[in-house]
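Written below as structure tokens is the structure these notes are about.
The values are calculated or read from the model by the stated rules, or taken from the named source; none is laboratory data. Model, not experiment: these values are computed from the prediction. Using ideal geometry, Cβ is built from the backbone for each residue, glycine included, and neighbour counts are taken over all protein chains shown.
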Amino acid sequence: MRKPKLIGSLKYRKLRYTKNHPLRIPRVSLLLEFLEALDLISAEEKVEGRPATDDELTLFHTQDYIETLKEADRCMCVPKGAREKYNIGSYENPVSPAMFRGSVLATGSSIQAVDLYLEGFSAFNPAGGMHHAYPNRANGFCFINDPAIALKYLLKKGFKRILYVDIDAHHCDGVQDAFYEDDRVFVLSFHQSPEYAFPFKKGFLEERGSGRGKGYNLNVPMPKGVHDDEFLYLYEDILGEVADSFKPEVYILQLGTDPLEEDPLSKFRLSNLGFLEIFKRTRQILGEGIYLGGGGYHPLALARAWTLVWCEMSKRKAPKFLPQKAKEVLLSVEWEEYDDEERNYLYETLKDPWRGGPIRGEIKKLKEKVLSNLK
Ligand SMILES: [Zn+2]
């Protein structure tokens, strides 16, 4: 068995987005504190994240964009013209310590995850998975596209068949775009249909790649209300088909937690048990991979879901009830439910009950359509 490593840092506590931004919440630092309080991680398993170098950043981003981010970081202001040219400084992509320092740390950590994987470990970088950023433009709360950089890094290492799987509730437009004409990277994304969800313009089934990359991109845009059984019904067979035909040498899995029902920014209704099951099936089909975080705007739901992923990676039994110490970590988060829903269970247990149900006709049709599209 590969020894598990969690790449993180408590530095993220101070590298936060602006107040009122959906990403202002504690995420990686909360996960670390929560795992610590649950006694589910050893010192040996923790790896302190390191910032990405300029050479790593420019594997995907343009030099002028990186220089502008640095300038914005220095002055904590929007450099002249940067909003128009680079989409920096909008409500969506505000100037904050998270913008450059946080993103660069998360990106270096994704490179570390690749390196650790290549050294024979099982590695998870929960700060990674910022899949919306473009080479010269911030997008969808993302400034630096660490998955695209990690994929470019794998290409540089000589891999020729790399699979990228993304289960974030939102389509990975930045990653798709980066490898759209490339047959060495297969991008497979399961997400809320862009008909009703961000990024609205990309993420449709018809987008199958172009040029040499034709056939090496696959989107599974899903309707609102998808539950555990429906997600897995689509996921297992589609991933299996892609794995059989593409035969990846290595894969990266983006584990955004926003498909969870509690999440304020999505319309899916997965439980963390369903989320965990997606992770398990991925490993059954593809073996060990490189794991990144992603979206996730409910801090408590996020910490609980990634804790289950970590328990699975490190072959630990997840506790049924939360001990006082762990409960206190969650209670210390400044968090108000957005929808007046009582969610006391978040503080009491670790695993949600399964949120399943019958498979709707439109889900069955979608699977048929996707699979016939693959042939
Ligand atoms: Zn998302």
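The number of residues in region 295-336 that are within 16 Å of the ligand (Cβ to nearest atom) and at pLDDT below 95 comes to 0.
Residues in region 15-48 that are among the acidic types (Asp, Glu) and surrounded by 20 or more Cβ atoms within 10 Å (Cβ to Cβ): 33 only. If you go through region 264-289 and pick out every residue that is within 11 Å of the ligand (Cβ to nearest atom) and surrounded by fewer than 24 Cβ atoms within 10 Å (Cβ to Cβ), you end up with 1.
Filter region 207-240 for residues that are surrounded by fewer than 16 Cβ atoms within 10 Å (Cβ to Cβ) and either closer than 17 Å to residue 371 by Cα or of a type outside the set (Gly, Ala, Ser) (or both) and give the result. Residues satisfying the conditions are 212, 214, 215, 224, 237, 240.
Taking region 143-167 as the range and being farther than 20 Å from residue 218 by Cβ and in contact with a Gly (Cβ under 7 Å, 6 or more places away or on another chain) as the test, only 146 passes.
Against the test of being within 16 Å of the ligand (Cβ to nearest atom), more than 19 Å from residue 182 (Cβ to Cβ), modelled with pLDDT of 95 or more and not small (Gly, Ala, Ser), the options 139, 125 yield a single qualifying residue, 139. What do you reckon, is residue 292 away from the ligand (no atom under 15 Å from the Cβ) and either free of Cβ contacts under 8 Å to residues at least 12 places away in the same chain or within 19 Å of residue 147 (Cβ to Cβ) (or both)? It is false that residue 292 is away from the ligand (no atom under 15 Å from the Cβ) and either free of Cβ contacts under 8 Å to residues at least 12 places away in the same chain or within 19 Å of residue 147 (Cβ to Cβ) (or both). Applying the criterion of being touching a residue at least 60 places away in the same chain (Cβ under 8 Å), among the charged types (D, E, K, R) and surrounded by fewer than 19 Cβ atoms within 10 Å (Cβ to Cβ) to the residues of region 153-186, the residue that is farthest from the ligand (Cβ to nearest atom) is 160.
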